[in-house]
Amino acid sequence: MGHDPRRPQRARRYKALAIVSLCALGLLACAKAETETSMASVLAPPVMVETATQRHVIDHIKATGELTAPARATIAAQVEGQVTEIRAREGVAVAKGDVLLVIDPERRKLEVANAEAQLAQAQAELAVASRNYERTKRLSKGNAASEARLDEDRTRESLARSARAGAEAQLGLARRALEDATVRAPFDGLLARRHVSVGEYLTQGTALYELVALDPIEVEFNLAEIDSSKVELGHPVDVVVAPYPDEHFSAKVSMISPTIDPHTRTLRVKAELPNTEGRLRPGLFAHVDLGVSERPGAITVNVDAVLQRADGSVVYRLVDGSRVERVRVKTGVRNIEWVEVHEGLAPGDVVVVRGQVRLEDGIAVTVRQADGSVPSPASVAARRDEREAERTP
């Protein structure tokens with residue numbers, strides 16, 4: 001065969017085409033990788049994370065409340081009549097049974113005497129009716145009295161017996177009215193107010209005095225729902241009131257409401273404290289301190305990590321370095337920087353503090369630390385291994 005002078009030229013052309021093709025394929029691969037990276041960044045929302053830490057938490061439970069009287073009553077007139085005597089002035093201390101006021105007792109004595117006379121008359125009429133009825137029964141056995149006469153005497157005896165019972169009831173009412181004409185204190189306390197004066201004519205139900213019991217006295221306050229489990233009957237309480245700002249009064253919880261107020265989400269509590277000198281008065285504003293609870297090593301997270309949802313408090317925890325899971329948590333003490341977590345997290349858990357708006361349980365994310373750096377894969381893997389070890393029995 002003869003030598004073809006164009007053969008080297010064709011070989012160089014084919015080689016150039018092969019090089020161009022390889023370059024084009026490389027460019028296409030790079031473009032595809034950039035596109036996949038761009039799509040991944042779009043599908044994985046960016047989030048900022050921080051690590052749950054342990055700290056010494058001091059839980060100081062405080063509240064505000066009001067001093068109240070454990071017993072308070074408006075003493076009213078039980079009978080009508082004119083006030084003839086006032087025995088107690090307002091503002092003084094009285095004991096149970098002390099006479100406070102008298103309402104026309106002479107009239108009540110006359111009513112008792114009249115009721116007694118009516119009873120005596122009824123008893124006499126009953127005696128006559130009973131004798132007549134017994135005589136008629138004996139005569140009817142010998143056919144000396146008719147059945148009609150027997151029925152008539154039986155009816156008269158029954159009516160006389162009923163009249164005597166009515167007279168006895170009237171006498172009882174008259175004696176009760178005489179007793180009620182002397183108004184007495186129903187319990188130990190202070191007379192806060194007097195509403196009537198001597199000579200005033202009263203009707204039943206007219207207010208006479210306001211009586212309050214002040215020893216012991218009570219302080220009523222409300223606790224936030226989150227603190228409702230931290231109080232129990234007999235729990236010591238420290239109370240401070242404005243008239244004595246440098247003095248602390250000791251009380252003990254005496255009542256805990258069985259329900260949480262659905263409007264304020266608070267628990268109503270009462271504590272009882274001695275007031276032998278009468279220095280504390282109902283209506284005073286009170287600062288209440290239920291003491292301090294210290295918890296060393298408590299788990300805390302950034303305050304922005306905890307979200308309030310319909311099912312309670314939740315956080316998004318980072319797992320496998322690029323995915324988040326939705327976790328319900330039970331929180332405790334809170335301040336402007338961090339929140340205590342009682343249940344749901346462990347020390348070292350990485351939680352989302354920014355970018356939760358687009359998150360769902362199990363979604364992939366683009367992770368950044370609070371300072372903008374990417375968390376170490378080794379640290380994330382180590383934390384995952386620790387969790388697995390904790391879950392393994």
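Can you tell me how many residues in the stretch 305-319 are touching a residue at least 60 places away in the same chain (Cβ under 8 Å) and either within 15 Å of VAL365 (Cα to Cα) or among the charged types (D, E, K, R) (or both)? Working first, answer last.
Quick first cut of the stretch 305-319, residues touching a residue at least 60 places away in the same chain (Cβ under 8 Å) only: 305, 316, 318-319.
Add one more test, that the residue is either within 15 Å of VAL365 (Cα to Cα) or among the charged types (D, E, K, R) (or both), and what stays is 316, 318-319.
The qualifying residues number 3.
What is the one condition in (1) without any contact (Cβ under 8 Å) to a residue 24 or more places away in the chain; (2) touching a strand residue (DSSP E or B) at 6+ places or on another chain (Cβ under 9 Å); (3) in a helix (DSSP H, G or I) that LEU233 does not satisfy?
(3)
Could you list all residues from the stretch 153-206 that are assigned to a loop (DSSP other than H, G, I, E, B) and either touching a His at 6+ places or on another chain (Cβ under 9 Å) or hydrophobic (A, V, I, L, M, F, W, C) (or both)? Give the steps one after another, and end with the answer.
If we filter the stretch 153-206 for residues that are assigned to a loop (DSSP other than H, G, I, E, B), which is where we start, we get 181, 185-188, 195-200, 203-206.
Across the stretch 153-206, the qualifying residues are ALA181, ALA185, PHE187, VAL196, VAL198, THR206.
Of all the residues that make up the stretch 320-353, how many are farther than 19 Å from VAL365 by Cα and basic (Lys, Arg)?
Residues in the stretch 320-353 being farther than 19 Å from VAL365 by Cα and basic (Lys, Arg): 3 in total.
Mind checking whether some residue in the stretch 248-264 is in contact (Cβ under 8 Å) with a residue 40 or more places away in the chain and not charged (D, E, K, R)?
Restricting attention to the stretch 248-264, the residues satisfying the condition of being in contact (Cβ under 8 Å) with a residue 40 or more places away in the chain are 264.
Within this subset, residues satisfying the condition of being not charged (D, E, K, R) are 264.
There is at least one residue in the stretch 248-264 that is in contact (Cβ under 8 Å) with a residue 40 or more places away in the chain and not charged (D, E, K, R).
Starting from residues that are assigned to a loop (DSSP other than H, G, I, E, B) and among the small types (Gly, Ala, Ser), keep the ones in the stretch 236-283 and report whichever is farthest from the chain's Cα centre (by Cα). Spell out how you get there, then give the answer.
Our first condition is that a residue be assigned to a loop (DSSP other than H, G, I, E, B); within the stretch 236-283, this holds for 242-248, 261-265, 274-283.
Right, trim to among the small types (Gly, Ala, Ser) and you get 242, 278, 283.
Values: ALA242: 25, GLY278: 29, GLY283: 20 Å.
Checked the stretch 236-283; the qualifying residue farthest from the chain's Cα centre (by Cα) is GLY278.
Look at the stretch 307-337 and say how many of its residues are under 30 Å from the mean Cα position of the chain (by Cα) and crowded, with 21+ Cβ neighbours inside 10 Å.
Qualifying residue count, the stretch 307-337: 2.
From the list VAL99, VAL83, which one is of a type in the set (Val, Ile, Thr), loosely packed, with under 15 Cβ neighbours inside 10 Å and at pLDDT 90 or above? Working first, answer last.
Working: VAL83 fails: loosely packed, with under 15 Cβ neighbours inside 10 Å.
When all the criteria are applied, what remains is VAL99.
In this structure, is ARG55 out of contact with any helix residue (DSSP H, G or I) (no Cβ under 7 Å at 6 or more places or on another chain), part of a strand (DSSP E or B) and not polar (S, T, N, Q)? Before the answer, list the steps.
On the way: out of contact with any helix residue (DSSP H, G or I) (no Cβ under 7 Å at 6 or more places or on another chain): yes; part of a strand (DSSP E or B): yes; not polar (S, T, N, Q): yes.
The answer is yes for ARG55.
Filter the stretch 104-152 for residues that are surrounded by 12 or more Cβ atoms within 10 Å (Cβ to Cβ), outside any helix (DSSP H, G or I) and without any contact (Cβ under 8 Å) to a residue 24 or more places away in the chain and give the result.
ALA145, SER146
The values are calculated or read from the model by the stated rules, or taken from the named source; none is laboratory data. Only a predicted model underlies this, so the values are computations on that prediction, with no experimental measurement involved. Because the Cβ atoms are built from the backbone with ideal geometry, glycine has one as well, and the counts that use them run over all protein chains shown.
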